[in-house]
Amino acid sequence: METAPRPGRDVPLKKDKLQAKRKKTRRYWEEETAHTAAGASPGPPGKKKRNGEHRLQKPKNTPISKKSRISKKPQVPKKPPKRKKPEPQRSLSGAQDPFPGPAPVPVEVARKFCRIDKSKKLTRLKSKTRSKLEVAEAEEEETSVKAARSQLLLAEEPGFLEGEDGEDTAKIRQADIVEAVDIASAAKHFDLNLRQFGPYRLNYSRTGRHMAFGGRRGHVATLDWVTKKLMCEINVMEAVQDIRFLHSETLLAVAQNRWLHIYDNQGIELHCIRRCDRVTRLEFLPFHFLLATASETGFLTYLDVSVGKIVAALNARAGRLSVMAQNPYNAVIHLGHGNGTVSLWSPAVKEPLAKILCHRGGVRAVAVDSTGTYMATSGLDHQLKIFDLRGTFQPLSARTLPQGAGHLAFSQRGLLSAGMGDVVNIWAGQGKASPPSLEKSYLTHRLSGHVHGLQFCPFEDVLGVGHSGGITSMLVPGAAEPNFDGLESNPYRSRKQRQEWEVKALLDKVPAELICLDPRALAAVDIITLEQEKKERIERLGYDPEAKAAFQPKPKQKGRSSTASLVKRKRKVMDKEHRDKVKQNIEQQQKQQKQEKAKPKGSRPSALDRFVRVRLQGG
C-alpha cells in the first residue's frame, strides 16, 4: 500500500528550486553599486532572522543572583565613538552628486551684505553677553551668505547709453531713444499737454507705479502712469504749491494756497490741517510716517500722519522757506536759505544740526542722493556744487552754468538732473557710490515750457518733469535700480498685500526722536552720560555701591543654601553696610555743624553777644 508522504520531509520543494535557479535581473543603476550586496538596492538593509536562532528565555522561578557593586574587572575608559563619514548623496539612478554640499559663495559678494564689523573686538565681556554676540554674528553671517546666494536670481541689469565712435550722448534725442528701445519701454515716454492749468509739480509713489501732479491753477490728478489709467481728477479751485504721496498711493497731501489738505485716491477730501498754513514745500519721511512742511512764515513743521499730531514746529529764523529736500539715509531735512546757507534739521532738536555756506547768493535748489553721501546745490551765482556729507561738508566739484538751475534731482543710481529754464541736463558718474561728473553732460532735452518740478521714477529709467506746458516723461537709461524688493516696494502688489504691508510698516515705525546726522551713533554706548549718571548716583547715596565687590555667601549644608536663604543673607549684609555708611555720614555732618557753631578763639566780641547770654540765662 502506498503511504502518504510526511509533510515537510519527502515532498520536493519545486517552487523553491525554480526560484533559486532563476537569476534576478540586474538593472543598469545597480552596476555602479557593486560594493553592496548582489541584488540589493542602495537603501537601508532589511532585518533578517537566521534559521535556528532563538532567544534563550529564563524560567520565571529561577533565582537571580545579586551582583556586587564593586566590579572585579578593571575599568577601562571608553573610547569615544568614531563618527562615520557621511556617504555621498546618490540620485534615484544611483549616480553620485559631482558637486556635494551647498554652492560656494564668493567672499567679496558675502562681505557686501555683511553688517557687523568683526575687526572691532570687544573686551571685558561677560560670558552670557559674549555668547549672545556670537549667536548674533553667526546669524548675521548666515543671512549675508543667503543674500549673496539669492543675488543670482536678480537677472535684471541696469541700462546704459553709449555713443558710437566717440559720439556725444548729450546729442542723442528722445525720439532716437524711443526708436531704439522695445515697445514696452517706448510707451513710457509721453507728453501731457496741460497748458490751461500749468505750471505743474509732480510726485511718484514709493513703488514707482503711480504719479500725482498738481497745477498752479488748482488742477490735481493721480494716475497709474504705466497703464495710463486715471485714478482721480479734481480741481480744488485754489493754487497748488506742492503735492506728495504719503506712505501709500491711497493718500495724497496737497499744499494749497492757504492750508494743507489730505485727499484719498478717489479725490475725496479727508482732512484739512489748518495748523500748517501757507505751505510752500512738502517732504514725506516713509520710515517715520512724518510729513515735513516748509511755509512762507519760516516754520518747519513735522506732522505724524499715523496719529494726526504735530510732532515739532521749528522756527528757522531765515524768512520764507521755498527750498527743501530730505536725506533718504538719515531722514534729515535740508533747507536752503536766501543768505547762501543750507541748514540741516531734526525734529528732536530746536536748533539746526549743521549749517553749510554753499553760495555767495541765495540757494535755489537742493538735492541729496539715495546713499546720503553727496548733496547737490545751485544758487543765484549760477554755480552748481556737489558737497560731501560724511562729516566734512566740503565741496567736491563745482561748475558754472550759463543759466542757474532752479530744480535738482538725484536718481537711484546717482544720476543728477538739473532744470534750467526750459532745458533739462543730466550728468552721470562712475557708479552708484561715486559723485556725478559735471564736466560732460549725459543727456539733454528741451521742453515746451519752463521747468517747475523734477523727480526720477523709482525702479524705472524714467525722469518726470513738470513744466508750464504740462507733464513730460523722459527716458534716461541707467537711472534706476533694475531689481526691487518685493516685500518693501512691490509695484505689482494687490490690495491685500498693500494692507498687510501697511500694518507691518506701522509696527516697524521709527520714532521721530531717533533722527540724527549719524544713525550708527544710536548703537554706540554714551560713555559721557554714563559717567555723569554714575557720579550723580554717588553724590545722592553718599557712597559708591560698585566700589566694593558684592558679597557672596558661603554654601552651607542641610538645606541652608537654598536660593531664598542666600538672597536673605545677601540683603542682610547689604542693609548692614548701608546702615554703617549712613551712620558715618550723619556723624560727619554733625561734626561739621559743631565746627560751624563753635566760634574761633581770639575773635573780637560782637555787639550781639549780649542777646546770646540773656537767652542762656533765661533758659
Carbon and sulfur atoms: what percent of the 1.4 Å accessible area of segment 257-357 do they account for? 48 percent
Per residue, how big is the convex hull around the C-alpha atoms of segment 277-358? Give it to me in cubic angstrom, could you? 82 Å³
Kindly state, to the nearest 0.05, the FRET efficiency for LYS229 paired with LYS504, given R0 = 25 Å and r defined as their beta-carbon distance. 0.40
Two-site FRET efficiency, GLN590 against LEU541, from Cβ-Cβ distance with R₀ of 25 Å, rounded to 0.05: 0.85
Considering the options PRO286, ALA318, HIS271, tell which one lies farthest towards the positive end of the dipole of segment 246-338, charges being +1 on Lys and Arg and -1 on Asp and Glu at the Cβ, about the Cα centre. ALA318
DSSP loop chymotrypsin sites (Phe, Trp or Tyr not before Pro) in segment 440-513 with at most 11 other Cβ atoms within 10 Å of their Cβ, which ones? TYR492
Counting only DSSP loop positions in segment 306-396, the chymotrypsin sites (Phe, Trp or Tyr not before Pro) whose Cβ has at most 16 other Cβ atoms within 10 Å are TYR329, PHE393
What trypsin sites (Lys or Arg not before Pro) in segment 139-227 are in a loop by DSSP, with at most 13 other Cβ atoms within 10 Å of the Cβ? ARG173, ARG195
Per-residue ³J(HN,Hα) for segment 203-210, Karplus 6.51 cos²θ - 1.76 cosθ + 1.60, θ = phi - 60°, Hz, x for Gly and Pro: 7, 9, 6, 5, 7, x, 9, 10
What do you reckon, how do HIS247, HIS334 stack up by accessible area (1.4 Å probe), largest on top? HIS247, HIS334
With the crude spin-label approximation of a point 7 Å out along Cα→Cβ, what separation in nm comes out for ALA523 versus ALA103? 2.8 nm
Between ARG360 and GLN266, Cβ-based FRET efficiency (R0 56 Å, step 0.05) works out to 0.70
Difference of contour (0.36 nm per residue) and Cα-Cα distance, LYS581 to LEU125: 161.1 nm
Expressed per residue, the solvent accessible area of segment 228-297 in Å² (1.4 Å probe) is about 43 Å²
From phi via Karplus (6.51, -1.76, 1.60), per-residue ³J(HN,Hα) for segment 583-588 in Hz, x at Gly/Pro: 4, 5, 5, 5, 4, 5
Anything over 22 Å Cα to Cα? Flag those among LYS171/LYS440; LYS309/LYS509; LYS229/LYS496; LYS534/LYS568, in the order listed. LYS534/LYS568
Separation between the GLU488 and LYS132 pseudo-spin-labels, each 7 Å from Cα along Cα→Cβ, expressed in nm? 2.7 nm
Accessible area of segment 469-561 with a 1.4 Å probe: how many percent of it is carbon plus sulfur? 55 percent
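The values are calculated or read from the model by the stated rules, or taken from the named source; none is laboratory data. Bear in mind the structure is a predicted one, so any value in this text is a computation, not a measurement. Every residue, glycine among them, receives a Cβ derived from its backbone with ideal geometry; neighbour counts consider all protein chains shown. Surface areas here come from the heavy atoms of the whole protein model, side chains and all, with no ligands, DNA or RNA. Shrake-Rupley method; radii C 1.70, N 1.55, O 1.52, S 1.80 Å.
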